[in-house]
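Below: one structure, written as C-alpha cells.
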Amino acid sequence: MRMEASERFVQGEENTVIAHDLQVSVRSVQHWHKAWPQGGPRVSASTGSAPLLCSVASCSPC
C-alpha cells in the first residue's frame, strides 16, 4: 500500500484521493507523504503496528 502511495506522490495526487482509493486514513497518507522526501520508498516501508499505549491489565481505573 505504501509503495503505491509513493508512486502516486510522484504523480502529484492529493493525499485525500490516495487515502480514499487505498482505504486508509488521510492521516496515514499524510505521514507517508511527509516522510517521502527524506528517503523515498525506503521510508514508506511498514515498520509494523503501532505499539499499544495501555493494556487492560496495566491500566489503572480512571
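Close contacts from segment 25-39, counting a first residue that is closer than 14 Å to Glu14 by Cβ and touching a residue at least 12 places away in the same chain (Cβ under 8 Å) and a second that is part of a helix (DSSP H, G or I) and open to solvent by 60 Å² or more (accessible area, probe 1.4 Å), with Cβ to Cβ under 6 Å and a gap of 6+ residues or different chains, come to Trp32/Arg2.
Just to be sure, is Arg27 open to solvent by 100 Å² or more (accessible area, probe 1.4 Å) and modelled with pLDDT of 55 or more? Criteria met by Arg27.
The values are calculated or read from the model by the stated rules, or taken from the named source; none is laboratory data. Treat the numbers as computed from the prediction; the structure is a model and nothing was measured. All Cβ positions, glycine included, derive from the backbone under ideal geometry; neighbour counts span all protein chains shown. All accessible areas refer to the heavy atoms of the entire protein, side chains included, with ligands and DNA or RNA removed. Shrake-Rupley method; radii C 1.70, N 1.55, O 1.52, S 1.80 Å.
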